[in-house]
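Trainee: Encoded as structure tokens, here's the structure I'll be asking about.
The values are calculated or read from the model by the stated rules, or taken from the named source; none is laboratory data. Note that the coordinates shown come from a computational prediction; the quantities given were computed from them, not determined experimentally. Note that we place each Cβ from the backbone using ideal geometry, even for glycine, and neighbour counts take in every protein chain shown.
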Amino acid sequence: MTTQKKVDHGLLLIVVGLAAWAVPGAGHLIIKERRRAAIIFVAVTATFLVGLYVGSIGVVDPIGAKPWYIAQLMASPAVGLIGHVTETAVTEAGQRQYVSYGRASDVGQIYTSIAGLLNLLCILSAVYMTYCGRGEMIGEEEDDG
Amino acid sequence: MTGDWGMLAAAFVDPIHIPTDPTSVLWMFPLLLAIAVVYKATKMRVLFGLKFAKEVAVLFGTVSGFMVFLGAAMIFLVKLITE
């Protein structure tokens, strides 16, 4: 492999990794794994949205639940925006506006964090497939026999 | 139109009510399904529709069965210790 090709391949790995982080499934889409990309997008996004619906956006808590927040952030950088909203929004009394307690908070936090960790698995999968040249090797997605 | 978006956004602002009783454990199953789907989507070399569905079902069933078994074993252990 020439130096130029090595640089291009390294750049592709970075692009695939970043795309997979930005939008779940986008990394696989770049390497022409359309079906895999669609499944990952639906599964990860649905899990994250169910978590937000159950526990409200209060479960994304960059101050009180930092380890959970780091896991949630793996779902997409857009989670950082939600974290910024929950961090900065305060009521007139000076209390945080979006808070979540009880079982709903637990379930919501678990769902959103697992969604993030599942996307981390997908990022690694997309980057590894690209490293192995899978997108170039197969080219077209194989149909059901 | 704006009202629709407002209603949609409002759904994510207030948490829903989940009682602290044994039924809340049922929330585990949709999560297990999501984990099985994503795991198999990343693990299978080629995604054939039916084979994928079968493998997801087997993994989901196995993990669910083990979780139920583990729950029952824990309840049994607690009863054994406390009674």
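Trainee: Determine the pairs where a residue that is facing chain A (nearest Cβ under 7 Å) and within 17 Å of A:V127 (Cβ to Cβ), located within the stretch B:31-46, has a partner that is in a helix (DSSP H, G or I) and charged (D, E, K, R) with Cβ atoms under 7 Å apart, the partner being 6 or more residues away or on another chain.
Mentor: B:A41/A:R36
Residues checked against (1) surrounded by fewer than 20 Cβ atoms within 10 Å (Cβ to Cβ); (2) modelled with pLDDT under 95; (3) more than 18 Å from A:M74 (Cβ to Cβ); (4) facing chain B (nearest Cβ under 10 Å):
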residue: A:L12; (1), (2), (3), (4): yes, yes, yes, no
residue: A:A22; (1), (2), (3), (4): yes, no, no, no
residue: A:I40; (1), (2), (3), (4): no, no, no, yes
residue: A:A43; (1), (2), (3), (4): no, no, no, yes
residue: A:F48; (1), (2), (3), (4): no, no, no, yes
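Trainee: Could you please let me know if B:V37 is at pLDDT 95 or above and under 20 Å from A:A46 (Cα atoms)?
Mentor: For B:V37, the condition - at pLDDT 95 or above and under 20 Å from A:A46 (Cα atoms) - is met.
Trainee: If we scan the stretch A:109-118, do we find a residue that is touching a His at 6+ places or on another chain (Cβ under 6 Å) and surrounded by 20 or more Cβ atoms within 10 Å (Cβ to Cβ)?
Mentor: no
Trainee: Take the conditions among the hydrophobic types (A, V, I, L, M, F, W, C), modelled with pLDDT of 95 or more and more than 19 Å from A:I114 (Cα to Cα) and apply them to B:L77. Does it pass?
Mentor: Yes; evaluated as a whole, the condition is true for this residue.
The rows are residues; the columns are (1) in contact with a helix residue (DSSP H, G or I) (Cβ under 9 Å, 6 or more places away or on another chain); (2) aliphatic (A, V, I, L, M); (3) over 23 Å from A:T112 (Cα atoms).
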| position | (1), (2), (3) |
| --- | --- |
| A:L12 | yes, yes, yes |
| A:L18 | yes, yes, no |
| A:A22 | yes, yes, no |
| A:H28 | yes, no, no |
| A:A43 | yes, yes, no |
| A:V59 | yes, yes, no |
| A:A71 | yes, yes, no |
| A:A78 | yes, yes, no |
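Trainee: Here's another thing I want to ask about it. Which one is surrounded by the most Cβ atoms within 10 Å (Cβ to Cβ) among residues in the stretch B:56-83 that are among the aromatic types (F, W, Y) and under 19 Å from the mean Cα position of the chain (by Cα)?
Mentor: Start the filter on the stretch B:56-83 by keeping residues that are among the aromatic types (F, W, Y), which leaves B:60, B:66, B:69, B:76.
Restricting the remaining residues to those that are under 19 Å from the mean Cα position of the chain (by Cα) gives B:60, B:66, B:69.
Details: B:F60: 19, B:F66: 10, B:F69: 10.
Step by step, filter the stretch B:56-83, then rank; the result is B:F60.
Trainee: Also: Tell me, which helices (runs of 4 or more DSSP H) lie completely within the stretch A:12-75 with 1 or more residues that are within 22 Å of B:S24 (Cα to Cα) and touching a residue at least 60 places away in the same chain (Cβ under 8 Å)?
Mentor: Passing ranges, in order: A:34-55.
Trainee: Quick check on this structure: which one of B:G71, B:G61, B:G3 is more than 7 Å from chain A (Cβ to nearest Cβ), at pLDDT 95 or above and part of a helix (DSSP H, G or I)? So that I can check it myself, show each step before the final result.
Mentor: Numbers: B:G71 fails: at pLDDT 95 or above; B:G3 fails: at pLDDT 95 or above.
Just one listed residue meets the conditions, B:G61.
Trainee: Does the stretch A:98-118 contain any residue that is more than 8 Å from chain B (Cβ to nearest Cβ), free of Cβ contacts under 8 Å to residues at least 60 places away in the same chain, touching a Lys or Arg at 6+ places or on another chain (Cβ under 8 Å) and in a loop (DSSP other than H, G, I, E, B)?
Mentor: no
Trainee: Could you list, in sequence order, the residues of the stretch B:17-29 that are within 7 Å of chain A (Cβ to nearest Cβ) and either within 28 Å of B:L59 (Cβ to Cβ) or touching a residue at least 12 places away in the same chain (Cβ under 8 Å) (or both)?
Mentor: Answer for the stretch B:17-29, where residues must be within 7 Å of chain A (Cβ to nearest Cβ) and either within 28 Å of B:L59 (Cβ to Cβ) or touching a residue at least 12 places away in the same chain (Cβ under 8 Å) (or both): B:I18, B:S24, B:W27.
Trainee: Evaluate the following for B:A11: is it surrounded by fewer than 17 Cβ atoms within 10 Å (Cβ to Cβ), more than 19 Å from the chain's Cα centre (by Cα) and at negative phi?
Mentor: yes
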